[in-house]
Amino acid sequence: MDGSQTAWRRERILRAAVREGLLDPENALLAGFVDLDGVAASVAALHAAFPDVPTLHTFAAKANCLVPVLAELRALGMGCEVASPGELAQALAAGFAPERIVFDSPAKTRAELRHALELGVALNVDNFQELERLDALLGASGTGTAARLGVRVNPQVGEGGIGAMSTATATSKFGIPLTDDGNRQRLLDAYAARPWLTWVHTHVGSQGCPLELIADGVARAVGFAEEVNARLGRRQVTGVDIGGGLPVNFGGEEHTPEFPAYVAHLRERAPALFSGRYRVVTEFGRALLAKNGFTAAYVEYTKSAGGRAIAVTHAGAQVAARTVFLPEAWPLRLTAHDPTGAEKQGEPVPQDIAGPCCFVGDLLARARPLPPLDPGDLIALLDTGAYYYSTPFHYNSLPEPAVHGARVHTDNTVTFQLLRPAQTLDDLLAHTTAPQAPQPAPDQG
């Protein structure tokens, strides 16, 4: 789906949401929206990019863990990558078969490992100590589980543009670093001693990582898989989990980079991945969902300070924590709309777009040129389909907003599906109040 279609559909969804009361200046001040047709188009593009290699594309649940969203992705042929017991429970609730779930985490407990093995969920081992825990659970034969098991290696290819999103640096907390002294031989010995280790996993990073860096990391992981099989004289490693990490264009409407461009880099740097000798798993999240979602909030007040126009809205750090606290790394495009949801016209003027949280830095944008905003207008936070709904920040006890799925039909009508209900004040109190202990009966003496 190209950028012009995305923008056209977004305005149709926004206007329909106002008409149906999903956005209301008194009762629904803030809401999220996921374009389900756009999600389907992104998933189709991903599948089409890997036509000649047996691949399980899993969705990184951390990017949007709402169970109806996960169920939608399952229906589109995706598997699910999880990184916690909560995400595993959500994936199972969404109907994913255990064999289509991959469990990644640097801190798996013994109980979590045991549960995953019992289910038959794929496991990527993060470190040598975790490998020893699996030894105790499985024994030397590795029988008794249907789970496919592998090791996450850190190819140590370096850092992208956002350090916090780069997982293949020399000192990353993730995986077993391949180039540290003695590690490569120790890993080769680990595979030789454990015939049940049949996969290699890597993930270089996500936003801010160029395609070349990601492909170089995958190439090192594939090279290690080839080395294991050559050393052992048998085809023990049969699959490579290449992670996700395709960055997203937050600067404009276009869905770039595209999956075929990434695959072209992989073919150049890791041709063995496409040799037919390996099954492949991917773990994309942001690349599938970010540009297929937006958040809309009402402008409550407008004022000026020091000559700067300020619009105080109902969207701030509670729904866009990364943008508020790290605006240089996570800027968001914003669009201005009148109370009907139509795009607002007028000569842009620099405006601070402020949120409702009680600290001065709660700003979505500083001096952003937009048509002059008025109370009752709407502001749309674009490209928030990934992470923004799964990482709420409960500052000031602001309740989580509703999230709606939307479909735009050929007659331009829009239908909605509730993906997450708005948190009520009763919900919030229940979440933040301890149950009352039973009171002793009064003394009848």
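Only the coordinates and a few stated rules stand behind these numbers; no lab work does. Computed from a predicted model, the values in this text were never measured in an experiment. Please note: Cβ atoms are built from the backbone with ideal geometry, for glycine as well, and neighbour counts cover all protein chains shown.
Longest segment of the chain with no GluC sites (Glu not before Pro) in a DSSP loop having at most 10 other Cβ atoms within 10 Å? In short, 27-327.
Could you tell me whether the stretch 36-288 comes out rounded, prolate or oblate from its Cα gyration tensor? Rule is a ≥ b ≥ c as square roots of the eigenvalues, rounded for a/c under 1.5, then prolate if a/b exceeds b/c, otherwise oblate. Because a/c hits 1.5 or more and a/b fails to exceed b/c, the stretch 36-288 counts as oblate. Taking every alpha-carbon pair under 8 Å whose residues sit at least 6 apart, the chain reaches a relative contact order of 18 percent.
Shown is the FRET efficiency for Phe359 and Thr424, computed with R0 = 25 Å from the Cβ-Cβ distance and rounded to the nearest 0.05: 0.50. The packing ranking of peptides 41-50, 426-435, highest mean first, is 41-50, 426-435, where packing means the average number of other beta carbon atoms within 10 angstrom of each residue. Give me the net charge of Asp126's neighbourhood, meaning all other residues with Cβ under 13 Å from the Cβ of Asp126; Lys, Arg count +1, Asp, Glu -1. So the surrounding residues net to -1. Residues in the stretch 20-37 carry Karplus couplings, in order, of 8, x, 6, 10, 8, x, 10, 10, 9, 6, 7, 7, x, 9, 10, 7, 5, 5 Hz; the curve used is 6.51 cos²θ - 1.76 cosθ + 1.60 with θ = phi - 60°, and Gly or Pro positions show x.
For the chain, DSSP calls about 45 percent of its internal beta bridges antiparallel.
In terms of surrounding Cβ atoms within a 10 Å radius of their Cβ, Trp8, Trp199, Trp330 rank from fewest to most as Trp8, Trp330, Trp199.
Stretching the chain fully between Phe128 and Thr413 yields a gain of 97.1 nm (0.36 nm per residue, less the alpha carbon separation).
Cβ-to-Cβ counts within 10 Å put Ser4, Ser206 in ascending order as Ser4, Ser206, the fewest first.
A simple rule links phi to the HN-Hα coupling: the Karplus curve 6.51 cos²θ - 1.76 cosθ + 1.60 with θ = phi - 60°, which for the stretch 339-353 gives x, 7, x, 5, 4, 7, 9, x, 5, x, 10, x, 9, 7, 9 Hz, with x for Gly and Pro. Full extension of the chain between Thr433 and Ala48 gives 133.7 nm of extra length, using 0.36 nm per residue less the Cα-Cα distance. Using amide H atoms built in the peptide plane, which far-off residues or other-chain residues are under 5 Å from Ala317 H to H? Result for Ala317 returns Cys357. Here the gap between Ser304 and Glu26, fully extended at 0.36 nm per residue and compared with their Cα-Cα distance, gives a gain of 97.7 nm. When each of the peptides 362-369, 270-277 is scored by how many other beta carbons lie within 10 Å of its residues on average, the order from highest to lowest is 362-369, 270-277. By the rule of a C-alpha distance below 22 Å, with chain neighbours fewer than 8 residues away ignored, the lysines paired with Lys62 are Lys108, Lys173, Lys291.
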